[in-house]
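*Asks:* Quick one: this structure, given as structure tokens, is what I'll be asking you about.
The values are calculated or read from the model by the stated rules, or taken from the named source; none is laboratory data. Nothing here was measured: the structure is a model prediction, and the numbers come from that model. Neighbour counts run over all protein chains shown; Cβ positions are idealised from the backbone, glycine included. For the accessible areas, the whole protein counts, side chains as well, though only heavy atoms, and no ligand, DNA or RNA atoms are used. Shrake-Rupley method; radii C 1.70, N 1.55, O 1.52, S 1.80 Å.
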Amino acid sequence: MRIHFKIPYFTRWGQRILVSGNIPELGDNDFRKAFPLNFQGHEDWVGDLECKVEKGQTIKYKYILFEESTGRFTEEWENNREIEVSGEKLEHFFCFDFWNAAGSIENVFMSAPFQEVLLKDKNPDKVTNPTKSYSHHFIVKAPLLSDNQVLCIVGNCKELGSWSVNRAQLLEKNGNAWSLKMDLTKVENEIHYKYGIFDSVENRFLYFEEGPDRIAAVIGNNIVVQVNDGFLRMNNSGWRGAGVGLPVFSIRTRHSFGTGDFVDMRLFIDWAARVGLKLIQVLPLNDTNGTHTNLDVLPYAAISAFALNPLYLNLPEMGKLPDTDELQIQYIPKQAELNSKPLISYLDVVNYKIAYAKRLYMIEKENFLQNDDYLKFFEKNKYWLVPYAVYCVLKELKGTNDYREWGEFAHYDEAKIAAITPVDSEYFDQVAINYYIQYHLHKQLSKTTEYAHSQGVVLKGDIPIGVNKNSVDTWVHPEIFHMDMNAGAPPDMFAIKGQNWSLPTYNWEAMKQNNFHWWQKRLEQMSNYFDTFRIDHILGFFRIWQIPTTQVEGIMGHLNPSIPIYINEFAEKGIWFDYNRFCKPYITDQILWDWFGEEAAWVKTNCLQIEDGWVLRLNEKFKKQSYIEKLYNEGEISERIKWGLFDLISNVLFFEVEGSNGTRFYPRYGIHSLRSYQELDDHTKKGLDELYVHYYYHRQDDNWYQSGMEKLPALKRATNMMICGEDLGMMTQCVTDVMNELGILSLEVQRAPISNKIEFAHPNNAPYLSVITPSTHDMSTIRGWWEEDRDVTQKFYNSQLGHWGEAPYFCEWWICRDIILQHLYSPAMWSVFQMQDLLAISPTLRRENPHDERINVPSNSMYSWRYRLHINMEDLLEENEFNDELRNFIKQSGR
């Protein structure tokens with residue numbers, strides 16, 4: 001049989017269209033061996049080939065865009081193209097297709113939250129009488145049809161009704177597409193047709209799709225013409241939904257054990273469904289319990305990218321201890337004590353829950369270890385579960401989560417681990433307790449996910465960009481991390497010295513060798529519980545702010561990957577390159593006095609040395625902020641000396657690229673504020689400023705575009721979850737371009753616009769494929785922000801809300817209402833609100849002090865992440881006046 005391909009695609013010089021498939025002639029799914037098409041003109045790519053086929057065989061194929069200059073393959077976003085070999089006499093099979101771009105709006109509606117919950121077909125069996133022998137096969141997708149609506153086709157031939165809607169042919173639903181097979185061999189001329197919408201209950205034609213007629217060829221006998229028409233042409237940007245964001249630990253119910261848990265989520269789901277919210281967004285849920293200190297509260301520093309946090313266990317649903325057990329006796333008074341607290345007492349809660357689970361395991365272990373459901377869970381998850389469980393045991397036995405201090409276990413060795421995990425091992429129960437805890441966490445969260453779906457609510461997870469440096473993942477897979485570097489962020493409105501997250505950066509080159517397998521497994525695990533997810537700091541997939549582990553402040557970092565400044569570029573700007581002046585901390589007696597005052601003499605004597613007879617330089621050990629931090633923590637130096645030395649170390653214009661032998665350099669971020677820069681001559685300032693601006697805002701785009709496109713498509717294909725990117729920070733156009741090309745929703749925050757050319761981003765201007773919100777967990781709430789800067793508040797009040805006169809000093813309930821309504825009426829696909837902001841529209845339900853509502857302060861994260869609602873969900877469900885008002889707001893906005 002000869003197969004003919006034809007697809008319209010606008011290409012540029014150096015680009016080609018290939019066909020890859022599951023037969024040798026199409027390369028057996030190896031893109032390097034794919035079948036090349038030829039350019040025919042008018043944007044058409046065509047090709048035909050002879051194939052050996054058998055009756056009943058199904059050939060699967062897809063189109064690939066190949067870039068000759070980079071060697072990069074870009075797959076279309078289509079996995080369902082098939083050729084059915086229906087008869088032995090079939091001589092030719094024509095495939096007339098349209099490229100399915102990943103960034104098409106329609107593809108978002110093909111993702112899990114829509115296909116499995118929000119737009120789930122309640123009447124999937126819409127089947128017409130199939131044609132045994134056919135010459136034409138029409139295929140089209142229409143994800144936004146309402147219940148009782150089916151697709152039909154009307155055309156210019158008798159078989160298609162001669163343009164009479166009363167004789168329209170109905171299509172049948174086949175998976176996520178609609179199709180119709182017809183024998184049109186008697187038609188003499190090319191077929192003109194359009195798809196339409198048909199009401200199957202009222203048995204009447206409703207309307208045609210938009211756009212011009214479609215055309216199908218009529219070729220001859222023993223031939224099949226398959227026309228894959230892509231998506232129905234209709235307004236696909238009309239669907240809009242609203243959601244709410246709240247950390248699971250912040251949920252409060254009458255039965256909470258001092259924190260929200262996976263069972264408490266079900267009452268929160270009830271409330272969301274009650275008021276018409278279709279999405280619940282939570283923070284990361286992974287285990288963070290590495291140190292048994294307050295550091296463990298940080299949800300973005302997990303000790304495992306796969307394991308769930310025992311904090312979220314619901315103990316009664318897991319099981320009950322004997323009435324005589326001490327922990328069971330303590331349960332009710334302990335629950336009352338912890339639940340009465342305004343903030344989470346993290347260690348008290350998690351330590352009790354783990355102790356309870358250990359006790360219950362010892363009672364149930366014989367039945368548990370033979371439970372079929374558990375055994376299935378173990379088999380599916382053992383690739384991460386076993387290393388995690390052993391890690392948990394070793395960190396307790398060794399008294400530290402720093403595995404570098406574990407002696408013979410410092411380096412992960414499967415053979416040594418295998419000696420700990422057998423049933424007859426003395427450590428087995430300690431290991432298996434972690435299997436037990438993770439199994440119950442899995443059961444409880446899975447049940448909650450199913451419950452959410454039954455209520456028409458989807459769950460949105462949060463995937464952190466990094467992992468804890470002392471995590472299971474870095475222990476087991478050290479080759480995919482740069483352990484000598486920390487990830488962070490450059491200075492911004494949240495942290496003027498930048499952020500150092502103390503998380504290792506990724507070795508993307510190593511990850512690429514196995515097609516980012518670790519990331520794919522991580523996303524697969526997440527898809528067990530979530531329909532959509534937020535990529536924390538999506539910029540990290542293009543470039544990361546990388547800080548040497550010897551330094552503390554984020555300001556000491558640089559962008560990686562990035563094209564550095566080459567030494568010859570200084571000469572091109574007419575600048576004499578002085579390595580010592582540009583690349584070493586600039587220190588003068590005046591700076592010492594300004595920064596250290598009366599302690600300047602001590603600093604000069606103990607921390608500095610003289611070079612070249614008169615130049616002040618830091619002693620070798622004082623070049624590391626980590627050493628200075630250690631001295632301060634031990635009480636050896638004052639706070640003023642600590643911060644002053646930090647500033648001296650960072651008073652440098654350029655960082656030399658390691659291994660470049662003084663030929664390549666990264667400009668320090670924010671050099672214009674440095675004394676080192678301010679005391680240069682004007683000519684040098686001008687030249688350095690031009691190099692700085694070009695480095696940060698111009699030269700990196702192509703490089704970062706390639707970096708993002710190398711990683712994100714593979715991760716998007718790992719699951720069918722809808723992806724939202726947290727794209728705040730130092731944005732460049734390439735990030736926006738890649739997100740648009742892949743259909744990744746952006747995050748739009750009114751008070752933190754992506755563009756630095758405007759002060760506020762009005763919700764009316766948000767793109768459709770976006771999530772719009774007035775605040776995030778890293779920001780103050782609407783009410784808290786309102787009191788931070790009076791001048792900013794006044795501008796917002798007049799320019800964004802459209803009110804005249806002086807802004808109220810406090811954020812009154814009606815101001816919060818106006819902001820919420822602005823976001824609800826935005827064209828963005830999703831409007832998502834922090835729970836605190838929704839409660840703020842009620843003068844009686846809002847918290848008295850808005851500054852008690854903030855979830856995280858990025859510059860002080862260790863003392864954040866303890867926020868709890870001040871109202872029980874049971875009580876909130878009974879607040880009918882508030883719930884009805886909010887529901888009406890959402891409904892009237894069309895969400």
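*Asks:* Just give me the residues in segment 824-834 being surrounded by 24 or more Cβ atoms within 10 Å (Cβ to Cβ) and part of a helix (DSSP H, G or I), in sequence order.
*Replies:* Those that are surrounded by 24 or more Cβ atoms within 10 Å (Cβ to Cβ) and part of a helix (DSSP H, G or I): none in segment 824-834.
*Asks:* Is segment 801-817 home to any residue that is in a loop (DSSP other than H, G, I, E, B), of a type in the set (Phe, Trp, Tyr) and closer than 30 Å to residue 743 by Cα? Don't jump to the end; show me each part of the working.
*Replies:* The first filter runs over segment 801-817 and keeps only residues in a loop (DSSP other than H, G, I, E, B), leaving 801-812.
Narrowing further to those that are of a type in the set (Phe, Trp, Tyr): 804, 809-810.
Filter once more, keeping what is closer than 30 Å to residue 743 by Cα: none.
No: segment 801-817 contains no residue that is in a loop (DSSP other than H, G, I, E, B), of a type in the set (Phe, Trp, Tyr) and closer than 30 Å to residue 743 by Cα.
*Asks:* Which of the residues spanning segment 234-263 are charged (D, E, K, R) and either open to solvent by 10 Å² or more (accessible area, probe 1.4 Å) or modelled with pLDDT under 95 (or both)? Before you say what the answer is, go through the steps one by one.
*Replies:* Residues of segment 234-263 that are charged (D, E, K, R), as a first pass: 240, 252, 254, 261.
Once the filter is applied, which keeps residues that are charged (D, E, K, R) and either open to solvent by 10 Å² or more (accessible area, probe 1.4 Å) or modelled with pLDDT under 95 (or both), segment 234-263 yields 240, 252, 254.
*Asks:* Can I ask one more? Does segment 532-543 contain at least one residue that is hydroxyl-bearing (Ser, Thr, Tyr), touching a residue at least 40 places away in the same chain (Cβ under 8 Å) and open to solvent by 20 Å² or more (accessible area, probe 1.4 Å)? Spell out the reasoning first.
*Replies:* Quick first cut of segment 532-543, residues hydroxyl-bearing (Ser, Thr, Tyr) only: 532.
This time we only want the ones that are touching a residue at least 40 places away in the same chain (Cβ under 8 Å), so: 532.
Still in the list and also open to solvent by 20 Å² or more (accessible area, probe 1.4 Å): none.
No - not one qualifying residue is present in segment 532-543.
*Asks:* Picking from 848, 881, which residue would you name as being in a helix (DSSP H, G or I), among the acidic types (Asp, Glu) and open to solvent by 70 Å² or more (accessible area, probe 1.4 Å)? It would help to see each step written out before you state the result.
*Replies:* Values: 848 fails: in a helix (DSSP H, G or I).
Just one listed residue meets the conditions, 881.
*Asks:* Can I ask one more? Working only within segment 195-219, note down all residues that are more than 16 Å from residue 149 (Cβ to Cβ) and either in contact with a helix residue (DSSP H, G or I) (Cβ under 7 Å, 6 or more places away or on another chain) or open to solvent by less than 30 Å² (accessible area, probe 1.4 Å) (or both).
*Replies:* 214, 216 - these are the residues of segment 195-219 that are more than 16 Å from residue 149 (Cβ to Cβ) and either in contact with a helix residue (DSSP H, G or I) (Cβ under 7 Å, 6 or more places away or on another chain) or open to solvent by less than 30 Å² (accessible area, probe 1.4 Å) (or both).
*Asks:* What number of residues in segment 69-81 are surrounded by fewer than 17 Cβ atoms within 10 Å (Cβ to Cβ) and under 22 Å from residue 174 (Cβ atoms)?
*Replies:* 2
*Asks:* Output the number of residues of segment 264-278 satisfying the condition of being in a loop (DSSP other than H, G, I, E, B) and either open to solvent by 10 Å² or more (accessible area, probe 1.4 Å) or not hydrophobic (A, V, I, L, M, F, W, C) (or both). Show your work before the answer.
*Replies:* Step one: of segment 264-278, the residues in a loop (DSSP other than H, G, I, E, B) are 276-278.
Next, only the ones that are either open to solvent by 10 Å² or more (accessible area, probe 1.4 Å) or not hydrophobic (A, V, I, L, M, F, W, C) (or both) stay: 276, 278.
Result for segment 264-278: 2.
*Asks:* Among (1) surrounded by 19 or more Cβ atoms within 10 Å (Cβ to Cβ); (2) touching a residue at least 60 places away in the same chain (Cβ under 8 Å); (3) not charged (D, E, K, R), there is one condition residue 677 misses while meeting the rest; what is its number?
*Replies:* Every condition holds for residue 677 apart from (2).
*Asks:* Given the condition modelled with pLDDT of 85 or more, part of a strand (DSSP E or B) and over 30 Å from residue 528 (Cα atoms), answer yes or no: does some residue in segment 74-82 qualify? Outline the logic, then answer.
*Replies:* First, the residues of segment 74-82 that are modelled with pLDDT of 85 or more: 74-77, 81-82.
With the extra rule that they be part of a strand (DSSP E or B), the set shrinks to 74-75, 82.
Then keep just the ones that are over 30 Å from residue 528 (Cα atoms); that gives none.
There is no residue in segment 74-82 that is modelled with pLDDT of 85 or more, part of a strand (DSSP E or B) and over 30 Å from residue 528 (Cα atoms).
*Asks:* If I filter segment 105-134 down to residues being touching a strand residue (DSSP E or B) at 6+ places or on another chain (Cβ under 7 Å) and among the polar types (S, T, N, Q), which single residue comes out as modelled with the lowest pLDDT?
*Replies:* It comes out as 128.
*Asks:* Failed condition for residue 424, given (1) open to solvent by 20 Å² or more (accessible area, probe 1.4 Å); (2) in contact (Cβ under 8 Å) with a residue 60 or more places away in the chain; (3) part of a loop (DSSP other than H, G, I, E, B), with all others met?
*Replies:* Failing condition for residue 424: (2).
*Asks:* Let me ask something additional. Taking residue 360, is it within 31 Å of the chain's Cα centre (by Cα) and farther than 30 Å from residue 484 by Cβ?
*Replies:* So residue 360 fails the test.
*Asks:* For segment 414-459, how many residues are modelled with pLDDT under 95, among the acidic types (Asp, Glu) and within 33 Å of the chain's Cα centre (by Cα)?
*Replies:* Residues meeting the conditions: 1.
*Asks:* Mind counting the residues in segment 662-706 that are within 28 Å of the chain's Cα centre (by Cα), within 18 Å of residue 555 (Cα to Cα) and of a type in the set (D, E, K, R)?
*Replies:* Of the residues in that region, 0 qualify.
*Asks:* Across segment 835-845, what is the total count of residues that are within 23 Å of residue 254 (Cβ to Cβ) and within 30 Å of the chain's Cα centre (by Cα)? Walk me through it before giving the result.
*Replies:* Filtering segment 835-845 for residues within 23 Å of residue 254 (Cβ to Cβ) gives 835-836, 838-839, 842, 844-845.
Keeping just the survivors that are within 30 Å of the chain's Cα centre (by Cα) gives 835-836, 838-839.
Number satisfying all stated conditions: 4.
*Asks:* Taking segment 650-674 as the region of interest, how many residues are open to solvent by less than 50 Å² (accessible area, probe 1.4 Å) and on the phi < 0 side of the Ramachandran plot? It would help to see each step written out before you state the result.
*Replies:* Pass one, segment 650-674, residues open to solvent by less than 50 Å² (accessible area, probe 1.4 Å): 650-655, 657, 660, 662, 665-671, 674.
Add one more test, that the residue is on the phi < 0 side of the Ramachandran plot, and what stays is 650-655, 657, 660, 665-669, 671, 674.
Matching residues across segment 650-674 total 15.
*Asks:* In segment 421-435, what residues are in contact with a helix residue (DSSP H, G or I) (Cβ under 9 Å, 6 or more places away or on another chain), among the hydrophobic types (A, V, I, L, M, F, W, C) and under 17 Å from residue 359 (Cα atoms)? Steps first, please.
*Replies:* In the first step, residues of segment 421-435 are kept if they are in contact with a helix residue (DSSP H, G or I) (Cβ under 9 Å, 6 or more places away or on another chain); the result is 421-423, 425, 427, 429-435.
Adding the requirement that they be among the hydrophobic types (A, V, I, L, M, F, W, C) leaves 423, 431-433.
Listed by number, the residues that qualify are 431, 432, 433.
*Asks:* Could you please find all residues in segment 346-359 being open to solvent by less than 30 Å² (accessible area, probe 1.4 Å) and in contact (Cβ under 8 Å) with a residue 60 or more places away in the chain? Show your work before the answer.
*Replies:* Looking only at segment 346-359, we keep the residues that are open to solvent by less than 30 Å² (accessible area, probe 1.4 Å), and these are 346, 349-350, 352-353, 356-357.
Passing the criteria: 346, 349, 350, 352, 353, 357.
*Asks:* Also, quick follow-up: Just checking, does segment 57-68 include any residue being modelled with pLDDT under 95, over 27 Å from residue 218 (Cβ atoms), exposed (fewer than 14 other Cβ atoms within 10 Å of the Cβ) and not aliphatic (A, V, I, L, M)?
*Replies:* yes
*Asks:* Related question: Looking at segment 851-878, which of the residues that are polar (S, T, N, Q) and open to solvent by 50 Å² or more (accessible area, probe 1.4 Å) is farthest from residue 248 (Cα to Cα)? Spell out how you get there, then give the answer.
*Replies:* Narrowing segment 851-878 to residues polar (S, T, N, Q): 856, 859-861, 864, 872.
Retained after the next criterion (residues that are open to solvent by 50 Å² or more (accessible area, probe 1.4 Å)): 859-860.
Working: 859: 22, 860: 21 Å.
Out of the qualifying residues, it is 859.
*Asks:* Checking residue 418 against (1) of a type in the set (A, V, I, L, M, F, W, C); (2) open to solvent by 20 Å² or more (accessible area, probe 1.4 Å); (3) touching a helix residue (DSSP H, G or I) at 6+ places or on another chain (Cβ under 7 Å), which test does it fail?
*Replies:* (3)
*Asks:* Next up: Against the conditions (1) of a type in the set (Ser, Thr, Tyr); (2) touching a Ser or Thr at 6+ places or on another chain (Cβ under 9 Å); (3) crowded, with 20+ Cβ neighbours inside 10 Å; (4) under 30 Å from residue 625 (Cα atoms), where does residue 505 fall short? Just the number, please.
*Replies:* (2)
*Asks:* Exactly one condition in (1) in contact with a Cys (Cβ under 9 Å, 6 or more places away or on another chain); (2) of a type in the set (D, E, K, R); (3) open to solvent by 10 Å² or more (accessible area, probe 1.4 Å) is false for residue 818; which is it?
*Replies:* Exception for residue 818: condition (1).
*Asks:* For segment 707-714, check the following and say yes or no: at least one residue is under 30 Å from the mean Cα position of the chain (by Cα), open to solvent by 50 Å² or more (accessible area, probe 1.4 Å) and either farther than 30 Å from residue 742 by Cβ or modelled with pLDDT under 95 (or both).
*Replies:* Looking through segment 707-714, at least one residue is under 30 Å from the mean Cα position of the chain (by Cα), open to solvent by 50 Å² or more (accessible area, probe 1.4 Å) and either farther than 30 Å from residue 742 by Cβ or modelled with pLDDT under 95 (or both).
*Asks:* Ok, one more. So which residues in segment 541-579 are among the aliphatic types (A, V, I, L, M) and in a strand (DSSP E or B)? Break it down stepwise before answering.
*Replies:* Filtering segment 541-579 for residues among the aliphatic types (A, V, I, L, M) gives 544, 547, 552, 555-556, 559, 563, 565, 567, 571, 575.
Once the filter is applied, which keeps residues that are among the aliphatic types (A, V, I, L, M) and in a strand (DSSP E or B), segment 541-579 yields 544, 547, 559, 565.
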